[in-house]
Structures are given as structure tokens and as C-alpha cells.
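Single-structure report; data block below.
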Amino acid sequence: MRRSEAKPSRAAVEAPDSAVEQRAPGRWQIATVTSIRTETPTVKSFRLELPMWMAHCPGQHYDVRLTAPDGYRAQRSYSVASSPLDQGEIELTIDRLADGEVSPYFHDVVVEGDEVEVRGPFASYFVWRGERPALLVGGGSGVVPLMSMLRHRRRTSPDSPMRLVYSVRSAADVIYADELGEEAVLTFTREPPHGWSGHRGRIDAALIADGAPQAAAVFICGSNGFVESASRLALEAGVAPDRIRTERFGPTG
Ligand SMILES: Cc1cc2nc3c(=O)[nH]c(=O)nc-3n(C[C@H](O)[C@H](O)[C@H](O)COP(=O)(O)OP(=O)(O)OC[C@H]3O[C@@H](n4cnc5c(N)ncnc54)[C@H](O)[C@@H]3O)c2cc1C
């Protein structure tokens with residue numbers, strides 16, 4: 001697919017038959033990109049206005065579909081970063097993979113006012129339903145669904161204990177840098193900011209153990225390798241398996 005040819009197809013979106021169907025998450029709909037924010041050199045956040053919006057649970061994702069003029073389609077999943085209180089819109093935060101098909105299209109082609117085809121929200125497992133305390137563990141763009149949880153908690157139950165452990169390569173790679181408050185503990189795997197006295201290197205037992213045993217739910221999201229090792233650390237810290245929920249962003253093959 002030539003990236004410039006990838007356009008959502010209006011024909012694929014039929015008019016809803018009833019109010020119930022209108023809200024069904026399985027239906028494709030055409031969303032409008034209302035704003036684009038650069039988060040890091042490789043990550044951008046896209047605000048989408050949805051004609052058939054329905055409230056998501058923090059942690060859920062949408063499917064995005066691109067259709068080329070010859071009918072070729074590419075479909076990927078993207079977590080919602082915004083709170084469900086943002087009525088009528090969702091925010092998707094997309095990391096640009098240099099050799100990717102869909103993420104470079106969003107970064108290099110999509111501009112404000114463009115239309116993209118989406119459906120959702122999906123997933124009933126990796127969702128925060130108000131469990132407290134909650135421990136969130138994210139690696140790289142794995143912080144996206146966790147940000148939805150943080151944002152929602154701040155607006156609905158700020159007293160509910162929630163802690164984010166966030167692993168990033170360098171200061172330049174921190175997504176939502178302006179929004180990370182005192183709930184967040186960062187660790188830098190490559191280049192910490194100048195004068196950094198906090199954690200360095202990969203997430204380790206100490207970072208997970210601080211908060212994990214008390215957590216009613218532990219949410220872990222990132223690449224396959226990140227999720228494997230963080231889950232193992234959580235289990236070793238004494239967290240019961242049924243309190244650990246994971247989401248993997250890695251390649252599906
Ligand atoms: C439930 C779910 C939620 C997701 N949420 C987000 C999100 O919020 N933000 C986000 O940026 N991504 C998210 N992803 C990943 C996203 O769906 C795509 O896989 C990613 O954007 C790559 O798509 P692409 O078309 O650009 O690359 P592709 O054309 O699919 O792949 C290009 C190359 O990169 C490899 N690759 C594919 N995906 C990844 C990956 N995630 N990490 C490293 N290498 C990869 C492939 O093996 C291939 O070599 C999510 C995935 C899932 C399953």
C-alpha cells in the first residue's frame with residue numbers, strides 16, 4: 001500500500017439502523033482528527049471526534065483501519081489515552097515504527113481535519129474499574145492505556161491510590177511528560193536526564209515490590225519482553241496471578 005493512497009472508505013460505514021446499533025462497538029465509523037500533539041520525536045497524540053461515540057473503560061482500545069484505493073486494507077489496534085469523561089472524542093497516542101505500515105501513515109500523512117476509520121471500544125479484561133490501590137507498570141508506548149486510567153482517576157476519584165512505574169529510554173522519550181505527577185516513578189534505561197538521581201536501568205524487583213503487594217490490581221503494558229519480565233517481578237513480589245492484567249503491544253506476526 002502506498003501510504004498516500006491509504007484513505008478510510010466512507011462506503012464501508014453504513015448508516016446506523018437504531019440507537020442501539022449506533023452505539024455498538026463493532027461498527028466501523030468515520031472519525032475526524034481534531035488535533036494532533038507531538039509528544040516525543042517518535043510519538044504523537046491524535047484527538048478524534050466520533051459520530052457514534054460511546055464511553056470506554058480506561059484500558060480499552062480501538063481498531064483503526066486504512067483502505068487503499070485498490071481495496072487493500074491494514075488494521076491495527078490503538079489504546080485510548082483519554083478519560084471516558086471526554087464526551088464525543090477519544091485520544092490515541094501512536095509511536096512511529098520506521099518500517100511500519102500504519103503508524104508512519106498517522107505521523108507523516110494525517111493532518112487535522114482528516115477522517116480515519118475506527119471501531120471500538122474493545123477489551124473487557126485490561127480495564128481499570130476503580131480497583132484501589134492500583135499499580136500501573138508501563139514500558140515505552142505501553143503507558144498509553146495507563147494514562148487513560150491516571151487521567152480518569154484524577155477526575156473521578158483523586159483520593160484513590162494509583163501509582164505508575166514507567167520505563168523509558170531517555171528524557172526525550174517520556175510521553176505525557178507535562179502530565180506525569182507525583183503518582184509516577186520513572187526509570188531511564190539508556191540516558192537519564194542531566195542530574196537525574198532517580199531510578200536507572202530496567203524495571204527491577206525493588207520498583208515493582210514498592211506498592212505491588214498491597215495492589216488490588218496490577219496493570220502491565222508494553223512490548224512482549226517488557227510484559228514478561230514485569231509480570232515475573234510482580235509474581236515474585238507476591239502478587240496473586242489473578243490480580244495481574246497485561247496488554248502486549250508487540251508484533252503479532
Ligand atoms: C491492544 C493493543 C493496543 C495497542 N495500543 C497501541 C498504542 O496505544 N500506541 C501504539 O503506538 N501502538 C499500540 N499498539 C501497537 C499497534 O497496534 C501496532 O502494532 C503498531 O503501531 C505497529 O503498526 P505498524 O503498522 O506501524 O507496523 P507494522 O507494519 O505492523 O510492523 C512493522 C515492523 O515492526 C514490528 N512491530 C509491529 N508492532 C510492533 C510494536 N508494537 N513494537 C515493536 N515492533 C513492532 C513488526 O514485526 C514489523 O517488523 C497496540 C497493540 C495492541 C494489540
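Bear in mind that the values in this text are calculations on the coordinates, not laboratory data. Because the structure is a prediction, the values reported are computed rather than measured. Virtual Cβ from ideal backbone geometry, glycine too; neighbours counted across all protein chains shown.
Projecting label points 7 angstrom from Cα along Cα→Cβ for Ala209 and Ala98 puts them 3.9 nm apart.
Per-residue ellipticity at 222 nm computed for the chain from its helices equals -4500 deg cm²/dmol, with DSSP H segments shorter than 4 residues left out and the rest contributing -39,500 (n - 2.57).
Taking a sphere under 15 Å around the Cβ of Thr34 and counting the other residues whose Cβ falls inside, with K and R at +1 and D and E at -1, yields a net charge of -4. Take 138-150, 76-88 and order them by the average number of nearby Cβ atoms within 10 Å per residue, most first; the result is 138-150, 76-88.
With Kirkwood's inverse mean 1/r over C-alpha pairs for Rh, give me the Rg to Rh ratio of the chain, two decimals please.
That ratio is 0.98, to two decimals.
Label-to-label distance for Arg232 and Thr34 is 4.4 nm, based on points extended 7 Å past Cα in the beta-carbon direction. Backbone geometry of the range 100-107 corresponds, through the Karplus equation with coefficients 6.51, -1.76 and 1.60 at θ = phi - 60°, to 3J(HN,Hα) couplings of x, 9, 8, 5, x, 4, 4, 6 Hz, x marking Gly and Pro.
A simple spin-label model places the labels of Arg27 and Arg243 4.1 nm from each other, with each point 7 Å out along Cα-to-Cβ. If one computes P(r) from the Cα atoms of the range 82-220, what percent of pairs lie at distances over 23 Å? It works out to 41 percent of all Cα pairs.
The relative contact order of the chain comes to 18 percent, based on Cα pairs under 8 Å that sit 6 or more residues apart.
For the range 149-196, what class follows from the C-alpha gyration tensor (a ≥ b ≥ c being the square roots of its eigenvalues): rounded when a/c is under 1.5, otherwise prolate if a/b is larger than b/c, else oblate? Prolate, since a/c reaches 1.5 and a/b exceeds b/c. When only alpha carbons are used to place a centre, the range 120-140 and the range 166-225 end up 16 Å from one another.
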